[in-house]
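Only one structure is covered here, and it is reproduced in the block below.
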Amino acid sequence: GDPECPTVQFDELKQQNEDVIAWIYGANTHINYPVVQGSDNDYYLRHLLDGTWNDNGSIFMDCANSADFSDQNSLIYGHNMHDGSMFGQLVRYRDEDFYKAHPTFTFDTLYEGGTWQVVAAVDTALGADALPYYTFFDADTKLDWQHRVRAITEKALYDTGVMPEYGAQLLTLST
């Protein structure tokens, strides 16, 4: 029931909101949204693209990330809505069969488009991890990068068979 992967008109979106930096789409997942980045991580928790107050908020990138996606790991947040909207579909990745049916996302930025492979589905809570994913933007060394990626993949609910190599850019979707 999802529309086909959209052709994104960033010029038009930027006219609506200068904070638009990307578009995320997951085929047959109901994930099909613009991605914004604000000056803090609070505003878009409860504001739509047009600035309207709304509990659904928007899909947004962590304010600590570089808007040009030059970080090793870009963190994208969205609410886990019970009706399946926003990032409500991400919880379905707890089921390996859902992952097998939806192993990739399309993520287009202002600079380039691309298809991203799901590496791991993880259940965690704030403060529960020694090396939490939400503090990983860049690593100082190859060894540090490997430790950070291992900290994520070791918590995976199942093995996807995908292990990123040092230098690969990561995209973390969080709800």
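Which of the strands (runs of 3 or more DSSP E) found entirely inside the range 82-175 contain at least 1 residues meeting this: touching a Ser or Thr at 6+ places or on another chain (Cβ under 6 Å) and without any contact (Cβ under 8 Å) to a residue 12 or more places away in the chain? Step through it out loud before you land on a result.
On the way: elements: 104-109, 115-117, 170-174.
Fully inside the range 82-175 and qualifying: 115-117.
Within the range 82-108, the set of residues being within 30 Å of Thr141 (Cα to Cα) and open to solvent by 20 Å² or more (accessible area, probe 1.4 Å) comprises Pro103, Thr104, Thr106, Asp108.
For the range 96-116, does any single residue satisfy the condition of being aliphatic (A, V, I, L, M) and under 14 Å from Ser174 (Cα atoms)? Please lay out each step first, then the result.
Step one: list which residues in the range 96-116 are aliphatic (A, V, I, L, M), which gives 101, 110.
Next, from what is left, pick out any that are under 14 Å from Ser174 (Cα atoms): none.
No: zero hits.
Evaluation of Thr160 against the conditions (1) of a type in the set (Ser, Thr, Tyr); (2) closer than 30 Å to Gln9 by Cα; (3) open to solvent by less than 60 Å² (accessible area, probe 1.4 Å) shows that the sole unmet condition is (2). Restricting attention to the range 69-91, the residues being at positive phi and modelled with pLDDT of 90 or more number 2.
The values are calculated or read from the model by the stated rules, or taken from the named source; none is laboratory data. Nothing here was measured: the structure is a model prediction, and the numbers come from that model. So basically every Cβ, Gly included, is an ideal-geometry build from the backbone, and we count neighbours across all protein chains shown. Quick note on the areas: whole protein, heavy atoms, side chains included, nothing else; ligands and nucleic acids left out. Shrake-Rupley method; radii C 1.70, N 1.55, O 1.52, S 1.80 Å.
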